[in-house]
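Let me begin by presenting the structure, written as structure tokens, before commenting on it.
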Amino acid sequence: MKESKTSKQLLQELLNQHYEEALEAKKSGELVAWSTSIAPQEFLETMDIKVVYPENHAAAIGARKCAQEFIDNSEARGYSIDLCSYARVNIGYMDIKESVAGNIPMPDFIFCCNNICNTVIKWYENIAKELHIPMILFDLPFNHTYEVPDHSVKYIRGQFENAIVQLEEISGKKFDYDRFKEVMKISSETAKWWKQASNEAAARPSPLNGFDLFNYMATIVCMRGKKEGLNLFKLWAEELHDKAKRKEGPWKDAEEKYRVMWDGIACWPYLSDTYKVLKKNGINMVTSTYPDSWSIIYDSNDLDGMARAYSSNYANRNLEFGADNIVKLVEDFSLDGIIFHSNRSCKLMDFRQYEVQRKVSRRTGIPSVIFDGDQTDPRAFSLAQYETRIQALVEMMEQKKKERANRE
Amino acid sequence: MFLGVDIGSTTSKAVILDSKLNILSASVINTGTGTLGPEKTVKAVLSKAGLNEKEIQYSVVTGYGRMTYQKADKQITEISCHARGTFFLKPNARTIIDIGGQDAKVIRLDEDGRVKNFAMNDKCAAGTGRFLEVMARILDCRINRLSVLSQKATEEINISNTCTVFAESEVISQLAAGVKRENVAKGAHKAVAKRVAGLAGRIGVEPDVVMTGGVALNKSVVDALEQEIKEKVTVLKKPQIVGALGAALYAFEMIDM
Amino acid sequence: MNRIEEIIAIMEDVSRYPAKAIRESMEETGKEVIGCFPLYTPEEIVYAAGMIPVGLWGGQKEIKKADKYLQSFCCSIMKENMEHGMEGSYEFLSAIIIPAYCDTLKCVCENWKAAVPDIPLIAMVYPQNRKITAGVEYLVNEYKRVKDELEKISGKKITEKELEESIDLYEEYRKTMSQFVAIASKYPRTIDAKKRHSIIKAAYFTDKKWYIPLIKELTTELNMLPEEAFNGIKVIATGILAEPEVLLDTLVQNNITFAADDLAHESRQFRTGVSNSGTPLERLALRIAGNQKCALLYDEEKTRGQLLLDLVKEYKADGVVVFMMKFCDPEEFDYPIYKKELEAAKIPMLYLEIEQKMDSVEQIRTRIQSFKEMLTV
């Protein structure tokens, strides 16, 4: 009998398998696509096309502290230091093609969805141009209204239909609509379990050490349409649920004193530094705005619903939704504070942050801080600044706690 | 007689050439743009050559402060002047790296010494002499001793931040964490070299590589640069005066033509 | 002063004092004014609604209030627009239209709602997959929404006829401008880089019905003169916009002129015409579909480098000047691609990193002068 694995073991296995399969596919002459992280992968999965995600790969390179070499390479070719560092790392990798963080095969075509930002359009245009390969673009208009308007849904659906034709042309294969239905079902189901698992952190103390969200994120990106992914997140949700029942907190050796939310992407090159400063202060990051972006849930075979779901991630929604979303997280997860990462790479997230912070602060009264950093460029972060800001947050949270205690 | 004046942000330099292109005299004054530095350096270079102002047939001014100096017959940029001066001294030069107080530049030359392309640093001070000054201040070390300090380093530390302000706090916390001053000094030189190498990458590096400007006297920067761009870097004998020499050469051509 | 100088002086005055020019237009025509953010907005619909569209492309104010919403690494045009809005200098506008071409525009649009609540906002999105049927339909729907909003403000319906007439007027504007820039390139001393900029810029602050005849007259007058000899450097300008003006002064001082441009603020506005078939809104949507080679419109072929090469060849230009708006992602992403293409063709390039308000232009002066020296020595 096989011994049952923990979700953490499974996670690593699946990630390794994901990259190995893609490299293997390339070797045997199969098509490989590069895709943005929240693209409708259902189409690719249906056609059994292997996909790798440059954002995942760039994050892995960042976390292994070897981003600088790739950044230097692309900057030397004229890429500005002000551009997204995932793009700079990836474009550098296209030239260097070798990293200790693992390798990815070069793409035969690219698959781009701008629900996460318009920057990916430009980044992917450049990949397509440099490698002379076709590009499939899903343009999901930014929602200035609270909900996704109907004419946007119609436009996105039109693009889905268009993409099927493009994929059939590129692969020379027919699109299998029955298989598509199945993949849609699995994808929604996986997303539900991902959401379920991250919601377990609402328990006090949280069974989840929130930095794990960052680790599991790589898998929700690349395994959402696969049964293995579904099983992983189901297992993880169950583990967390059991832990919560046993009232176990995030750490064996420390107590969860404060519960905070992290807004934005991690600082991959300083993942453990940023984590340690929080842990030292008894701060558990229990939730974040970002991981919820993969909670893409819709009814199987409902293309309009799928269009709406893909356009509903917070990065593509208006500021009012952004504030409401955080206010809800503050309530659902009983938060004591918020850490906003002013990420040099991500203008779309940054340039609403100040106003969202004010709105959330007015409505919830909980303290928050903003620190300067970057998702992968090691030069744009200062540990000293980060520590000072976190310390200030702790002081404010402590003050709030005292006030609450005095009132009671 | 031909006069070239190079007014930088922190130093003023001057060179006088005779009509056979011999350098009659040169001077470097540690005062940059403004009225005092340029006047002093011109006075010094004239007296060294035993000449008076009237004997100068033509003068060219270059450098950061060239717009504010009224006494020259013509002003030409430091890009062209460094190119001309370097090519005169070293005709094999194809790439020039000039790190000044405010600017870092990389200049590519063709076989005839003409400027083929050039790149300059952006607004940020990382990769310039200014960055080293800030580092020297934090390390409580005179700027001209920074290189010596760095040579004693036992290990290489990384200063990862681009921004001078950020780098400052990074260094302060490293010192607080017990990192040795000499290791930090070495890291600072490496950081400058990395930035300049990035700049060079934008237009490409072709040997021979020559370094001009005051920072070329700093051996640690030169060593670090060689490592980063993977080419030998030659430092001219008096690297600070190359711009002024180029200006004087231009002055000569104005009359000669 | 001859007629050419007169018209240039009028245009320079408009460009230098836009608020004054707009107020004068309002008084003369009795029309309301709608602010249009970069890059392309449906000015035709605004005009058909009986209002004057004016272009809002930043300015030179010191940034104080906009810092409340935007970090330091935000492009200066957007910071300036926020600052102007918050400062109250746009108070004469009946509404503004903000199109979400890039991530920064998306956010600025959202912040506007909180920062400048007194000026009604019409947010819109241009489709990037704009050539496929679904994209054209989407844009027609967006235009309809804009039209509805404008009708609410003006209190009257826009008729098909009014739309057709407005489109005709804008087509005339585009043709007039294309002719003007072609003719202007033959008169580099009369129409130097700075004057050219001011003349084109004036269109943003005036009623096109007033503006077009003057440009036509200027073009005709120029055409009667003999072509001007020029011993300076002719370049193609590319980027979002060619400001601050001190840069243009420096170019003129160094005898550098624009043979043609690929600036979003200038030629990109008028080099593509409307389609002749379909309803008025479809014709407008197809114009955007046909619009190419702009950093803010999806272009998987990345044809901009070829456009620059073609312009260099057509105008026998000596090089390309890149006006790189600092923190403009789309422009910064295009640069390495066309840089490589221009380098391969051995076209000299001058890269100027700009912000609308620059404290120090010394280094840029050096770059411009060095570029001239590089090409003339």
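Here's the yes/no breakdown for (1) open to solvent by less than 40 Å² (accessible area, probe 1.4 Å); (2) in contact with a Lys or Arg (Cβ under 7 Å, 6 or more places away or on another chain); (3) hydroxyl-bearing (Ser, Thr, Tyr); (4) farther than 23 Å from C:Arg268 by Cα:
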{"residue": "C:Glu32", "(1), (2), (3), (4)": "no, no, no, yes"}
{"residue": "C:Val54", "(1), (2), (3), (4)": "yes, no, no, no"}
{"residue": "C:Gly59", "(1), (2), (3), (4)": "yes, no, no, no"}
{"residue": "C:Ala100", "(1), (2), (3), (4)": "yes, yes, no, no"}
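Could you list all residues from region B:87-115 that are more than 14 Å from chain C (Cβ to nearest Cβ), open to solvent by less than 20 Å² (accessible area, probe 1.4 Å) and under 17 Å from B:Glu206 (Cα atoms)? Residues satisfying the conditions are B:Ala93, B:Thr95, B:Ile97. Name the residue that is farthest from B:Lys194 (Cα to Cα), counting only residues in region A:53-71 that are surrounded by fewer than 19 Cβ atoms within 10 Å (Cβ to Cβ) and of a type outside the set (Lys, Arg). Within region A:53-71, the match that is farthest from B:Lys194 (Cα to Cα) is A:Cys66. Entry remark, region C:252-293: residues being of a type in the set (D, E, K, R), open to solvent by 10 Å² or more (accessible area, probe 1.4 Å) and assigned to a loop (DSSP other than H, G, I, E, B) number 2 in total.
Identify, please: which residue in region B:59-83 is of a type in the set (A, V, I, L, M, F, W, C) and assigned to a helix (DSSP H, G or I) and is, among those, nearest to the other protein chains (Cβ to nearest Cβ)?
My answer is B:Ile79.
Only one of the numbered conditions (1) within 13 Å of chain A (Cβ to nearest Cβ); (2) more than 30 Å from C:Asp168 (Cβ to Cβ); (3) open to solvent by less than 10 Å² (accessible area, probe 1.4 Å); (4) touching a residue at least 40 places away in the same chain (Cβ under 8 Å) is violated by C:Glu80, and that is (1).
Does C:Glu245 count as charged (D, E, K, R), over 24 Å from C:Gly58 (Cα atoms) and without any contact (Cβ under 8 Å) to a residue 60 or more places away in the chain?
Here the answer is no, as C:Glu245 does not meet what is asked.
Applying the selection to region A:154-182, what residues are within 12 Å of chain C (Cβ to nearest Cβ) and either surrounded by 21 or more Cβ atoms within 10 Å (Cβ to Cβ) or more than 23 Å from the chain's Cα centre (by Cα) (or both)? Across region A:154-182, the qualifying residues are A:Lys154, A:Tyr155, A:Ile156, A:Arg157, A:Gly158, A:Gln159, A:Glu161, A:Asn162, A:Ala163, A:Val165, A:Gln166. Residues being open to solvent by less than 50 Å² (accessible area, probe 1.4 Å), modelled with pLDDT of 95 or more, farther than 30 Å from A:Asp176 by Cβ and over 21 Å from the mean Cα position of the chain (by Cα) are represented in region A:323-334 by at least one member.
Picking from residues in region B:97-119 that are within 15 Å of the chain's Cα centre (by Cα) and among the small types (Gly, Ala, Ser), the one that is farthest from B:Leu132 (Cα to Cα) is B:Ala119. Taking the residues in region B:71-86 that are without any contact (Cβ under 8 Å) to a residue 40 or more places away in the chain and open to solvent by 10 Å² or more (accessible area, probe 1.4 Å) as candidates, determine which candidate is nearest to B:Val106 (Cα to Cα). Top of the filtered list is B:Gln75. Of the residues making up region B:20-33, at least one is within 14 Å of chain C (Cβ to nearest Cβ), within 28 Å of B:Met211 (Cβ to Cβ) and either free of Cβ contacts under 8 Å to residues at least 24 places away in the same chain or part of a loop (DSSP other than H, G, I, E, B) (or both). When region B:118-161 is filtered for residues that are among the small types (Gly, Ala, Ser), at pLDDT below 85 and part of a loop (DSSP other than H, G, I, E, B), the ones remaining, listed by number, are B:Ala125, B:Ala126, B:Gly127, B:Ser160. Just to be sure before I move on: is B:Gly50 of a type outside the set (Phe, Trp, Tyr) and either open to solvent by less than 30 Å² (accessible area, probe 1.4 Å) or not assigned by TED's automatic domain parsing to the domain that holds B:His82 (or both) in the structure I sent? For B:Gly50, the condition - of a type outside the set (Phe, Trp, Tyr) and either open to solvent by less than 30 Å² (accessible area, probe 1.4 Å) or not assigned by TED's automatic domain parsing to the domain that holds B:His82 (or both) - is not met.
State which residue is surrounded by the fewest Cβ atoms within 10 Å (Cβ to Cβ) when the search covers only region A:120-149 and only residues that are more than 7 Å from chain C (Cβ to nearest Cβ) and of a type in the set (D, E, K, R). Per the criteria, the residue is A:Glu147.
Conditions tested, residue by residue: (1) acidic (Asp, Glu); (2) assigned to a helix (DSSP H, G or I).
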residue: C:Glu149; (1), (2): yes, yes
residue: C:Ile183; (1), (2): no, yes
residue: C:Pro188; (1), (2): no, no
residue: C:Pro226; (1), (2): no, no
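Name every residue in region C:38-52 that is of a type outside the set (Phe, Trp, Tyr) and under 13 Å from the mean Cα position of the chain (by Cα), in order of residue number. Result: C:Pro38, C:Leu39, C:Thr41, C:Glu43.
Restricting attention to region B:1-37, the residues that are surrounded by fewer than 23 Cβ atoms within 10 Å (Cβ to Cβ), touching a strand residue (DSSP E or B) at 6+ places or on another chain (Cβ under 6 Å) and charged (D, E, K, R) total 1.
Restricted to strands (runs of 3 or more DSSP E) entirely inside region A:15-119, no element has at least 1 residues that are of a type in the set (Gly, Ala, Ser), within 21 Å of A:Cys346 (Cα to Cα) and within 14 Å of chain B (Cβ to nearest Cβ). I'd like to check something: does region A:336-344 contain any residue that is out of contact with any Pro (no Cβ under 6 Å at 6 or more places or on another chain), open to solvent by 10 Å² or more (accessible area, probe 1.4 Å) and within 10 Å of another protein chain (Cβ to nearest Cβ)? Yes, that holds for at least one residue.
This table checks each residue for (1) of a type in the set (Phe, Trp, Tyr); (2) assigned by TED's automatic domain parsing to the domain that holds B:Lys20; (3) over 25 Å from C:Glu373 (Cβ atoms); (4) surrounded by fewer than 23 Cβ atoms within 10 Å (Cβ to Cβ).
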| site | (1), (2), (3), (4) |
| --- | --- |
| B:Val192 | no, no, yes, no |
| B:Ile203 | no, no, no, yes |
| B:Glu206 | no, no, no, yes |
| B:Val209 | no, no, no, yes |
| B:Leu217 | no, no, yes, yes |
| B:Asp223 | no, no, yes, yes |
| B:Glu226 | no, no, yes, yes |
| B:Ile229 | no, no, yes, yes |
| B:Glu253 | no, yes, no, yes |
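A search for C-beta distances below 8 Å between a residue of region B:165-184 that is within 11 Å of chain A (Cβ to nearest Cβ) and any residue that is among the polar types (S, T, N, Q) and part of a helix (DSSP H, G or I), counting only pairs 6+ apart in sequence or on different chains, returns B:Phe166/A:Gln385; B:Ser169/A:Gln385. Across region C:138-164, the number of residues qualifying as open to solvent by 10 Å² or more (accessible area, probe 1.4 Å) and out of contact with any helix residue (DSSP H, G or I) (no Cβ under 7 Å at 6 or more places or on another chain) comes to 11.
Applying the criterion of being more than 9 Å from every other protein chain (Cβ to nearest Cβ) and farther than 21 Å from B:Asn121 by Cβ to the residues of region C:325-355, the residue that is surrounded by the most Cβ atoms within 10 Å (Cβ to Cβ) is C:Tyr338.
Of the residues making up region C:92-132, those that are within 7 Å of chain A (Cβ to nearest Cβ), farther than 18 Å from C:Lys68 by Cα and hydroxyl-bearing (Ser, Thr, Tyr) number 0.
The values are calculated or read from the model by the stated rules, or taken from the named source; none is laboratory data. Computed from a prediction, not measured in an experiment: that's the story for all the values here. Ideal geometry is used to build each Cβ from the backbone, glycine not excepted, and the neighbour counts take in all protein chains shown. Just so you know, the surface numbers come from the protein's heavy atoms only, side chains and all, with ligands and any DNA or RNA stripped out. Shrake-Rupley method; radii C 1.70, N 1.55, O 1.52, S 1.80 Å.
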